[in-house]
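To start, the structure under review is shown below, and the notes come after it.
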Amino acid sequence: MPNDIREIINSLDDQDKTMFNQHRTEMRRSYLTAHNSIIGVHAWDAYDDAFMDIIDLKLAILFDRAGRFEAVKDKTIDDAMIERVENDIIDAYKGIKQVAVSPATASMKYHPNNQGPPSPNGQGWTSKP
């Protein structure tokens, strides 16, 4: 199933698009009406937006269960693109400068650079012997 609502709607045939949009509108309108009559539109918040998204998701799942989605083109990456990305990563890595460890950090008995064991109290690295 596609991830984006636009992809979902575009992957349906015309009749299913109409049905999806009709049910989506009716369910959203019903929630808006209930919300407004119970606590008012002034109390709208992020949870209400999330619920509207759940309506889209649930409808998409119903259409998916019914086998109504047409094949969605997979995004393919060719070898040239892979090589470009790998080279960009290598170039970025080469550009990273090593930073010297501060004297305070270097003086820590169990600092990872000193190859000492972790502290026995389980609270990470410590400067205490």
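The values are calculated or read from the model by the stated rules, or taken from the named source; none is laboratory data. What you are looking at is a predicted structure, and each value in this text was computed from that prediction instead of being measured. Cβ coordinates were reconstructed from backbone atoms using ideal geometry, including for glycine residues, and neighbour counts include every protein chain displayed.
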Exercise. List every residue pair whose Cβ atoms sit under 6 Å apart, with the two residues 6 or more apart in sequence or on different chains, where the first one lies in the range 46-70 and is on the phi < 0 side of the Ramachandran plot and the second, anywhere, is exposed (fewer than 11 other Cβ atoms within 10 Å of the Cβ).
Key: none
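Residue by residue, here is whether (1) at pLDDT 90 or above; (2) farther than 23 Å from N10 by Cβ; (3) surrounded by 10 or more Cβ atoms within 10 Å (Cβ to Cβ) holds:
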residue	(1), (2), (3)
L59	yes, no, yes
R84	no, yes, yes
D88	no, yes, yes
K94	no, yes, no
K109	no, yes, yes
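Take the residues of the range 11-35 that are polar (S, T, N, Q) and surrounded by 13 or more Cβ atoms within 10 Å (Cβ to Cβ): which is modelled with the lowest pLDDT? Quick ask: steps written out before the conclusion?
Initial filter on the range 11-35 (polar (S, T, N, Q)): 11, 15, 18, 21-22, 25, 30, 33.
Next, from what is left, pick out any that are surrounded by 13 or more Cβ atoms within 10 Å (Cβ to Cβ): 11, 21.
Values: S11: 84, N21: 92.
Applying the filter and picking the extreme gives S11.
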Practice problem: Could you run through the range 1-10 and say how many residues are among the acidic types (D, E) and either at pLDDT 90 or above or in a helix (DSSP H, G or I) (or both)? | Solution: 1
Quiz item: What pairs come up if the first residue lies in the range 22-44 and is closer than 16 Å to I9 by Cβ, the second is outside any loop (DSSP other than H, G, I, E, B), and their beta carbons are under 8 Å apart, counting only those six or more places apart or on different chains?
Solution: H23/L59; R24/I55; R24/D56; R24/L59; M27/I55; M27/L59; R28/M52; R28/I55
